[in-house]
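First the structure, in the form of structure tokens, and then the observations on it.
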Amino acid sequence: MGMRKIRLWFKKKIYGYDIPDCKKAQPLRLLPEDRVLVLAPHADDETIGCGGFLLKYGAQCDVVLLTDGRYGDAEIPPAEMAEIRKKEFEEVMAHYAVRRTQMLNVEDGKLIDRFKDFNTLEFKEYDYVLMPHPMDFHKDHVAVSCLFKRACQNQPFHGHIIYYEIWNTLARPTHYIDISDVVEEKKRLINLYRSQVKNIDYASRILGLNHYRGLRHHVEYEEDFEIVRL
């Protein structure tokens, strides 16, 4: 009996049921010809969850901002807040030098009800689509994967989904990127979302997660991902 089978047998004996064997996450590397779409529920999610990825692979990426973020600050009128967040997003995107950006302008918090708008996006040209993982702690974040799977019933998509972390961490990341060389730039870009960081220090918190994640692979900072197929 091989060691892997012995471990699985032991787990079943101890816990009474099968537990999937944990595999070490692999480095995430794109080919030069890979095309990537990043779906951001709100302006800042893309930088919090995969800012290091965008700094390394931005030239291969398109980014779609899904909601207008109008309720991002209860003290600012919604229309004014939406305009502020739009400008912040445009400023940050200029630093990533991505291929294209698009804004769907769905009302903040109402994404799950706007499949018609989401379904205008086309996915067939992409090798990878990045989005928050389905167990993330925000209804708009959860809505992205639900809407994406529904949209793919009507159009071909033969690539991979890459889930990234925002509010909740991934239980079993499959891939990671060493972002040690770009972590200071990621911090700076998070802080360009001034309307969002004035009350919450997102940079120190998410970089704390990235620093902790690096323990497993002996790097200073890393972003973790889960890559799956539909």
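Here Glu165 fulfils each of the conditions (1) surrounded by 16 or more Cβ atoms within 10 Å (Cβ to Cβ); (2) more than 20 Å from Ala25 (Cα to Cα); (3) of a type in the set (Asp, Glu) apart from (2). Looking across Phe148, Phe157, one residue alone is within 15 Å of the chain's Cα centre (by Cα) and more than 14 Å from Asn210 (Cα to Cα). It is Phe148. Each residue in region 217-230 was checked for being more than 18 Å from Phe53 (Cα to Cα) and crowded, with 16+ Cβ neighbours inside 10 Å, and 0 pass. Where helices (runs of 4 or more DSSP H) fall wholly inside region 1-104, the ranges with 3 or more residues that are at pLDDT 95 or above are 45-57, 78-96. Residue pairs whose Cβ atoms lie under 9 Å apart, sitting 6 or more positions apart in sequence or on different chains, and linking a residue in region 206-230 that is modelled with pLDDT under 95 to a partner that is β-branched (Val, Ile, Thr), are Arg229/Ile161; Leu230/Ile161.
Within region 192-216, being surrounded by 15 or more Cβ atoms within 10 Å (Cβ to Cβ) and not aromatic (Phe, Trp, Tyr) holds for Leu192, Ser195, Gln196, Val197, Ala203, Ile206, Leu207, Leu209, Asn210, His211, Arg213, Gly214.
Could you check, for region 151-166, whether at least one of its residues is touching a residue at least 24 places away in the same chain (Cβ under 8 Å), under 29 Å from Glu107 (Cβ atoms) and of a type in the set (Asp, Glu)? Among the residues of region 151-166, at least one is touching a residue at least 24 places away in the same chain (Cβ under 8 Å), under 29 Å from Glu107 (Cβ atoms) and of a type in the set (Asp, Glu), which makes the answer yes.
Scanning region 77-89 for residues that are surrounded by 16 or more Cβ atoms within 10 Å (Cβ to Cβ) and among the hydrophobic types (A, V, I, L, M, F, W, C), we see that the one that is nearest to Gly51 (Cα to Cα) is Phe89.
The values are calculated or read from the model by the stated rules, or taken from the named source; none is laboratory data. These figures come from a predicted structure and were not determined experimentally. Because the Cβ atoms are built from the backbone with ideal geometry, glycine has one as well, and the counts that use them run over all protein chains shown.
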